[in-house]
1. Taking neighbour counts of Cβ atoms within 10 Å as a proxy for exposure, in what order, fewest first, do Asp78, Asp90 appear?
2. Treat segment 8-140 as a sphere of radius equal to its Kirkwood radius over Cα pairs and apply Stokes-Einstein at 25 °C in a medium of 0.890 mPa s; give the translational diffusion coefficient in µm²/s, rounded to a whole number.
3. In terms of the ratio Rg/(2.2 N^0.38 Å) built on C-alpha atoms, what value belongs to segment 20-81?
4. Ranked highest first by average number of other Cβ atoms within 10 Å, how do 109-119, 125-135 line up?
Amino acid sequence: MKVLTEISPIEIENPAAGLIRLPQGLVGFPKHTTLEFLYQPDQLPFLWMRLHGPEPIHFVVIEPGGLIPGYEPELFDDDAAFLGLSSSVDAAIFNIVTLRGGSPAEATVNLIGPVIVNRRTGIAKQVVLANHSRYSTHYPLVDQGPATTAANF
C-alpha cells in the first residue's frame, strides 16, 4: 500500500544529501541503519520516521519543541560525542508517539528515548537521556501538564 507517496521529506543539512545514518539502529531494530523523516501538511505536528533495513518500518514521531512543556533533554557526553554535537543548535530531537486503543486522545510520547539527529552530519542515534528520571516513556499528549510530572514506566 503506497500511503506515503504524497508525503514531503523533512530537510536536514546532510552534506551527503541522502538518508540519515543510524549506525546502531533503533532499540529492537539494529539492522535498520538509515532513516528519513516525512510529513503530510494536514498531519503536522506529527511526522513519519521511515526506517530502511530488511523491510521498511514506520513510526509516528513529533518534534517536542513547543508541544511538550518543560521538556529539557540532556545528553550523556558519550552520546553527544558519538553524534559529533558541539552545540545544541545542531541537534534535532524526535520523540516516538504510541497510539493506544486507536484513539488520538490516548496517544503517548516516549520522552526518555528520543532519536537525536545531528543536522550538519546526518548522523542519528536513539539515546536514553541523562536526565531520564524527570520524564516518562508514556507521556500523554492530551491534557498535558509539565513534562516533569512523575515518570511512569
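1. Asp78, Asp90
2. 162 µm²/s
3. For segment 20-81, the normalised Cα radius of gyration comes out at 1.29.
4. Ranking the peptides 109-119, 125-135 by packing returns 109-119, 125-135.
Every number in this text was worked out from the coordinates using simple rules, so none of it is lab data. This is a predicted model, so every value here is computed, not measured. Backbone-built Cβ (ideal geometry, glycine too); neighbour counts: all protein chains shown.
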